[in-house]
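In what follows, a single structure is set out as structure tokens and then discussed.
The values are calculated or read from the model by the stated rules, or taken from the named source; none is laboratory data. The shown structure was predicted, so the numbers you read here are calculated from the model rather than taken from an experiment. Note that we place each Cβ from the backbone using ideal geometry, even for glycine, and neighbour counts take in every protein chain shown.
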Amino acid sequence: MSDWQVINGGVTAPKGYQATGITAGLKPSGAEDLALILSDVTAIAAGVFTTNQVRAACVDYCRQRLEDQPSARAILCNAGQANAATGDLGWQDAMESATELGKALNISPEFILLASTGVIGKRIKMDALKAAIPQLVSTVSAEGGEAAAKAIITTDLVTKSIALETLMSDRPVRIGGIAKGSGMIHPNMATMLSFVTCDAAVSPQLWQEMLTRAVNRSFNQITVDGDTSTNDTVIALANGQSRASAITNMGAEAEKLEAMLTEVCISLAKAIARDGEGATCLIEVQVTGTSDEVSANKIAKTIAGSSLVKSAIFGRDPNWGRIAAAAGRAGVMFEQEDLQIRLGNFLLMDNGQPLDFDQAATREYLKQRAVGEYLKDDTVLITIKVGDRIGNGKAWGCDLSYDYVKINAEYTT
């Protein structure tokens, strides 16, 4: 049983945070496209970013800011233009965005972090953004978490938000988060963004280490289409406003906080995979029996990312051979005779040998997961065992449908 409970509020559930999302005229659709998350006090800040060599200006900007000082007051996110591959002018736009928001908030731009999402190669519509900043600042509130979640999405069909609460030092401690992502998802820390708020007090180095581990077990274990974005960003703030005792070293309290942070990230990561462009179901791959967690995660993500596996799931075809092939090419050594594969509760292969199984019942299991809604039973579970060692891992993805091609064939037109 977990040590936390789910609560409402998203990024504004933790104490001392406000947020908002407005329509600034950045998206052609006229939907919400500019978000602000604001801490009442200076917060410890950590970040994990894309490893793509072609990066958005906001990624380089945030990296530089966090290297200079691991703290922040605000996160500004625009949707509509990625401001990636935009050269020196894109960098100037990023700097100007922070400067203009800093003036409106009466804080130094050094305490503002940035994120962008949208079409690569397009600069931010700066006239529209600057004109919208007064409204953005005037509407920020402790009830604005969902508005911010709406303003950061692009091809997403739903917003992604969660908040958890636990007791530490006999005081309630909360972590909230929002995310966006539906296509271009194969983080290597896809287009994916996530912002996490926490009201615990944590030392900067420890908070960064916690976030890195949490991301490796969540966002770095999802895939929709194998494409890593230019803009992938996860930013986490911790402002200490819960007044719980400060956490400066690993121990029971730190482990408890990290477990809750990881759970927030996993929940958001699964929501991204479930909302994959054109997807009809979530795929979860569980791997056991490897020498370590890294190896298990590698096999799991290879299977979840296989176009052949994803296509078979969409076709409700229990083609376990594709699963076996993906496991075998993951770059992890194991003995073929140790391989076991399950689809749901159906054992398809054991000790490296194919088994007779009820194909009609297995197909029905897959069909029942294609509910087209975000229900508890929309997950196709693939379980792999490759030996008897202690390593285990998970990854999440989605099926590959006709609609994925349609969405991305017409993305800029």
Checked region 23-81 for anything among the aromatic types (Phe, Trp, Tyr) and closer than 13 Å to Ile112 by Cβ; matches are Tyr61
In region 243-261, residues that are part of a helix (DSSP H, G or I), closer than 23 Å to Phe195 by Cβ and of a type in the set (A, V, I, L, M) total 5
Restricting region 172-192 to residues that are modelled with pLDDT under 55 and aliphatic (A, V, I, L, M), the one nearest to Ala149 (Cα to Cα) turns out to be Ala190
Looking at region 14-26, is at least one residue out of contact with any strand residue (DSSP E or B) (no Cβ under 8 Å at 6 or more places or on another chain) and either of a type in the set (S, T, N, Q) or outside the structural domain of Leu157 (by TED's automatic domain parsing) (or both)? no
Scanning region 271-288 residue by residue, those surrounded by fewer than 21 Cβ atoms within 10 Å (Cβ to Cβ) and farther than 15 Å from Asp378 by Cβ turn out to be Gln286, Thr288
Pairing a residue in region 52-64 that is in the same structural domain as Glu96 (by TED's automatic domain parsing) and at negative phi with any residue that is aromatic (Phe, Trp, Tyr) and surrounded by fewer than 20 Cβ atoms within 10 Å (Cβ to Cβ), where Cβ atoms lie under 7 Å and the two sit 6 or more apart in sequence or on different chains, gives Ala57/Trp91
The condition of being modelled with pLDDT under 85, among the aliphatic types (A, V, I, L, M) and in the same structural domain as Trp320 (by TED's automatic domain parsing) holds, among Leu375, Leu366, only for Leu375
When restricted to Ile384, Ile341, the only residue in contact with a Phe, Trp or Tyr (Cβ under 6 Å, 6 or more places away or on another chain) and modelled with pLDDT of 95 or more is Ile341
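The rows are residues; the columns are (1) part of a strand (DSSP E or B); (2) among the basic types (Lys, Arg); (3) over 30 Å from Tyr404 (Cβ atoms); (4) not assigned by TED's automatic domain parsing to the domain that holds Tyr404.
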{"position": "Val287", "(1), (2), (3), (4)": "yes, no, no, no"}
{"position": "Lys301", "(1), (2), (3), (4)": "no, yes, no, no"}
{"position": "Ile323", "(1), (2), (3), (4)": "no, no, no, no"}
{"position": "Met333", "(1), (2), (3), (4)": "no, no, yes, no"}
{"position": "Met349", "(1), (2), (3), (4)": "yes, no, no, no"}
{"position": "Thr362", "(1), (2), (3), (4)": "no, no, no, no"}
| said: Would you confirm, using the coordinates I've provided, whether Arg63 is assigned to a strand (DSSP E or B) and charged (D, E, K, R)? | reply: no
Discussion item. When you scan region 289-296, do you find a residue that is small (Gly, Ala, Ser), surrounded by fewer than 21 Cβ atoms within 10 Å (Cβ to Cβ), assigned to a loop (DSSP other than H, G, I, E, B) and in the same structural domain as Asp358 (by TED's automatic domain parsing), even just one?
Written reply: yes
Sole miss for Ile152 among (1) surrounded by 20 or more Cβ atoms within 10 Å (Cβ to Cβ); (2) modelled with pLDDT of 95 or more; (3) touching a helix residue (DSSP H, G or I) at 6+ places or on another chain (Cβ under 8 Å) is condition (3)
Scanning region 254-277 for residues that are modelled with pLDDT under 95 and of a type in the set (D, E, K, R) gives Lys270, Arg274, Asp275, Glu277
Exactly one of Ala84, Ala74, Ala56 is more than 18 Å from Ser229 (Cβ to Cβ) and within 20 Å of the chain's Cα centre (by Cα), and that residue is Ala74
Is it the case that some residue within region 123-132 is under 28 Å from Ser242 (Cβ atoms) and either assigned by TED's automatic domain parsing to the domain that holds Ser203 or among the small types (Gly, Ala, Ser) (or both)? no
By residue number, the members of region 251-274 that are in contact with a helix residue (DSSP H, G or I) (Cβ under 7 Å, 6 or more places away or on another chain) and more than 16 Å from Thr166 (Cβ to Cβ) are Ala269
When region 93-108 is checked residue by residue, the ones that are within 26 Å of the chain's Cα centre (by Cα) and either of a type in the set (Lys, Arg) or surrounded by fewer than 20 Cβ atoms within 10 Å (Cβ to Cβ) (or both) are Met95
Among Ala163, Ala148, the single one that is among the hydrophobic types (A, V, I, L, M, F, W, C), closer than 21 Å to Gly276 by Cα and assigned by TED's automatic domain parsing to the domain that holds Ala236 is Ala148
